[in-house]
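What follows is a short report on a single structure.
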Amino acid sequence: SKLTNLAHLEMTWRSRVHFHPLLVRILHKSRLRYYGKPEKKMDMPYQAYFEVADGSGMVSMVLWNSLCPEWYHSMKVGTVLLLDKYTIKTSYPFKTHPTPGDSQMKRFATIEICLNVRDPPTEISIIPEEMVKPEWGLPEVKYRFTTRSELDDLPNNHSCDVIGLVTFVGRAERARKREHSEDFWLYRWAHAIDGTSDQPFILELFATSQPDVFEHIHPMTYLVCTQMRVIQDLTENPSRTVYLTTSNESQIFITGWHKGQPYTKDAKVKNFIQWMKSQSEADQIKKTAIGGYYPFPRPPDSFLKY
């Protein structure tokens, strides 16, 4: 009975020390970030961002340190949380922001909710979906699914979600995060088709905090990628190719992981499933490939153009 909401918190947080409990739904989830340094002795230097919302709007929530290994995998997109003994801080200005599925939703960009293991120890409860009541007014998770036929018309850096049947997946490759750095990004290329175009989605999939999914992307799996960014080659290249790359908030799902995910209700996802039912699996398998070197973007066909 003593719940508060995000709009009220934003207006009153500077004048209070203790806050009433909050009931929110997770709409977006970032990859896990490790910020440890050799000279700093910290047990669990981890951090993860979530975008959470109630009926009044959306705000960033930060999970800190040893709470990350304890809670990160339980906090899925769509999960409803009851939070108590949290703290509120001015938001970090250089954080990436996902593109909300609901463009009308109010965003409280000045504050962020912090969940800590002490000072004070935050109390986190996950509310099972079957116990969530409509009168709580929590927003549903919304997506921005794009078909392959719509992709070419989207601007550079546009954010979208995609679903497709994997026809090619490359080997895992590494790229240095910075020149002369010892840190690497791990990524792999994949192609996926959705029946709306002769061309596949070309996907640059960086390893997110889902190693169990990243390592098991195979041809013939149903692949869902959320919060992907469109990369349009902006040069005057007539053979330009549009591709999609993961963002900090991307989530990847493959066959075996779809059950219970909020996107299963989306109309474009249902259309894709209907299309797949009309396809011959044996015909599709003949067109698939796995592994090998995948040079992309492709070099020009002559040295003069290069």
message: Quick check: net charge around Phe214, other residues with Cβ under 14 Å of its Cβ, Lys/Arg +1 and Asp/Glu -1?
response: 0
message: I need to check one value: relative contact order of region 76-116, counting alpha carbon pairs closer than 8 Å and at least 6 residues apart, in percent.
response: 58 percent
- line: Expressed as a whole-number percentage, the relative contact order of the chain with C-alpha contacts under 8 angstrom and at least six residues apart is 16 percent
- prompt: Trp13: net charge of surrounding residues, Cβ under 12 Å, Lys/Arg +1, Asp/Glu -1, itself excluded?
  reply: +1
task: Return one whole number: the accessible area per residue of region 148-304 in Å², for a 1.4 Å probe.
output: 56 Å²
message: Report the gain in length on full extension from Ser302 to Asn156: 0.36 nm times residue separation, minus Cα-Cα distance, nm rounded to one decimal.
response: 49.9 nm
Solvent-accessible area per residue for region 6-136 (1.4 angstrom probe, square angstrom): 55 Å²
- prompt: What ³J(HN,Hα) values, in whole Hz, does the Karplus curve 6.51 cos²θ - 1.76 cosθ + 1.60 give for region 176-191 when θ = phi - 60°, with x put for Gly and Pro?
  reply: 5, 5, 9, 4, 6, 8, 8, 9, 10, 8, 9, 8, 8, 8, 9, 10
- prompt: Helix 267-277: angle to the longest alpha-carbon principal axis of the chain, degrees 0 to 90, nearest 10?
  reply: 40 degrees
Normalised convex hull volume, the chain, alpha-carbon set, Å³ per residue: 169 Å³
- prompt: Stretch Glu173-Glu123 to full length: gain in nm at 0.36 nm per residue minus the Cα-Cα span?
  reply: 14.0 nm
field: Linear extension gain, Ser280 paired with Ser149, 0.36 nm per residue minus alpha-carbon span
entry: 45.0 nm
task: Could you list the square roots of 5 times each eigenvalue of the Cα gyration tensor of region 148-304, that is, the equivalent ellipsoid semi-axes, sorted largest first and rounded to whole Å?
output: 25, 20, 17
query: If the label point is 7 Å along Cα→Cβ of Arg107, which residues in region 153-177 have backbone nitrogen under 17 Å from it?
result: 157-161
message: Translational diffusion coefficient of region 6-136 at 10 °C, 1.306 mPa s, Stokes-Einstein with Kirkwood Rh over Cα pairs, in µm²/s as a whole number.
response: 103 µm²/s
query: Round to a whole number: what % of the accessible area of the chain belongs to carbon and sulfur, probe 1.4 Å?
result: 53 percent
- request: For every other residue with a beta carbon closer than 15 angstrom to the beta carbon of Pro134, add +1 if it is Lys or Arg and -1 if Asp or Glu, then tell me the sum.
  value: -3
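The values are calculated or read from the model by the stated rules, or taken from the named source; none is laboratory data. Computed from a predicted structure; not experimentally measured. For neighbour counting, all protein chains shown are included, and Cβ atoms are generated from backbone atoms with ideal geometry for every residue, glycine included. To get the accessible areas, we keep the full protein, side chains included, count just its heavy atoms, and leave off ligands, DNA and RNA. Shrake-Rupley method; radii C 1.70, N 1.55, O 1.52, S 1.80 Å.
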